[in-house]
Amino acid sequence: MLRLVVRRLLQLIPTLLGLSVLLFLWLNRLPGGPASAILGERATEAEVARINRALGLDEPVHVQYWRFLKRIAELDLGTSTQTGQPVWDEFTLRFPATVELSVAAILIAVVVGIPLGYLAARHRGGWIDVASVSGSLIGICIPVFFLALLLKGVFAVELGWFPSYGRLSTGLDATQVTGFAILDGLLTGEFDASWDAVMHLVLPAVALASIPLAVIVRMTRASVLEVLGEDYVRTAESKGLEKRVVRGRHVLRNAMLPVVTAVGLLTGSLLSGAVLTESVFSFGGIGSFIRTSIDARDYPVLVGFILFIAMVYVVINLLVDLAYSLIDPRVRVH
């Protein structure tokens, strides 16, 4: 297992270096250059030259790239042109909200999707199968922002069951420790704050979970159907093994490999794709901040966001590889 982890970590180095090269080239190929992006389209040549000297853009390319790598290694992502604050500080402030939302969404998708997909495969052609497949198609077809607006309008505005915006109710004096609202309430004993954070999380998490849930249901159903037709499953059943053992040890375990891959990719996409959901519910995470950064052409924030998403995918791929090795020990030898 240790050799597998070390090997995977070493394989990440060229990936991250390649990403840094692409980011560096993108920054240096912006329309008018980074200086014009910072100063605006009406900047004079003198102002552009001054910014280029300040940023070191008049130096050789290899010197600029080396300085770019050093800044990334030191977590110096520059300063946001919107807020005037370091990009890293802005990300650490908003990161917990997006993580809470994404983790809640993927938990909903996994906890509901895997059992539903398994039941659909076990009862192929029955009403559970038909309802699951139809529901998954609807979940994939409905845009996330439309579902978010629908959930907000019905369950928050009309029925009043859930809050309609934010992470905590206005006026609630909650102690912040880690930035994760639910966890902070549990750590400080402010359980009312934790419950309030959960209530604020329900609607955006359900909206964000719709597409991953549909994908996991269909992926689990297809994988279980494929495994049910394998010879080793029929052999296990012919030996008289209990259904619980056959389903757990032979069917589900072997069917989970493609599902684990899907869950890993979906988790990364949730972290990077929460922009619309956070905007609808004013959730205050990275997603809504990125939307305003795109409008304001805040390039330091966008570069930091790209690096952040790349690191998320790198870590998730490593966790997927480790999950593979736990599910199927044969993976460790490859």
(message) Could you list, ordered by first residue, the pairs with Cβ atoms under 8 Å in which the first is in the range 177-191 and under 16 Å from residue 101 (Cβ atoms) and among the hydroxyl-bearing types (Ser, Thr, Tyr) and the second is part of a helix (DSSP H, G or I) and open to solvent by less than 40 Å² (accessible area, probe 1.4 Å), at least 6 apart or interchain?
(response) 178/96; 178/184
(message) I'm checking my understanding of the structure. Among residues of the range 113-129 that are out of contact with any helix residue (DSSP H, G or I) (no Cβ under 6 Å at 6 or more places or on another chain) and in a helix (DSSP H, G or I), which one is least open to solvent (accessible area, probe 1.4 Å)?
(response) 115
(request) Taking the options 233, 303, 251, 245, name whichever one is of a type outside the set (Phe, Trp, Tyr), in a helix (DSSP H, G or I) and modelled with pLDDT of 75 or more. (result) 303
(request) Report, by residue number, each residue of the range 267-293 that is modelled with pLDDT of 70 or more and under 8 Å from the mean Cα position of the chain (by Cα). (result) 267, 268, 269, 270, 274
(message) Any residue that is farther than 26 Å from residue 294 by Cα and in contact with a Lys or Arg (Cβ under 8 Å, 6 or more places away or on another chain) - is there at least one of those in the range 99-118?
(response) yes
(message) Cβ contacts < 7 Å: first residue under 10 Å from residue 319 (Cβ atoms), restricted to the range 255-269; second residue open to solvent by less than 30 Å² (accessible area, probe 1.4 Å) and hydroxyl-bearing (Ser, Thr, Tyr), any location; separation 6+ or different chain. Result?
(response) 267/102
(request) Take the residues in the range 159-188 that are assigned to a loop (DSSP other than H, G, I, E, B) and of a type in the set (Val, Ile, Thr), then tell me which one is nearest to the chain's Cα centre (by Cα). (result) 178
(message) Given the criteria in a helix (DSSP H, G or I), in contact (Cβ under 8 Å) with a residue 40 or more places away in the chain and surrounded by 13 or more Cβ atoms within 10 Å (Cβ to Cβ), does residue 98 qualify?
(response) yes
(request) For the range 280-298, name all the residues that are touching a helix residue (DSSP H, G or I) at 6+ places or on another chain (Cβ under 8 Å), open to solvent by 40 Å² or more (accessible area, probe 1.4 Å) and in a helix (DSSP H, G or I). (result) 291, 294
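The values are calculated or read from the model by the stated rules, or taken from the named source; none is laboratory data. Note that the coordinates shown come from a computational prediction; the quantities given were computed from them, not determined experimentally. We place every Cβ from the backbone using ideal geometry, glycine too, and count neighbours over all the protein chains shown. Ligands, DNA and RNA are stripped out before the accessible areas are found, and what is left, the full protein with its side chains, is counted by its heavy atoms. Shrake-Rupley method; radii C 1.70, N 1.55, O 1.52, S 1.80 Å.
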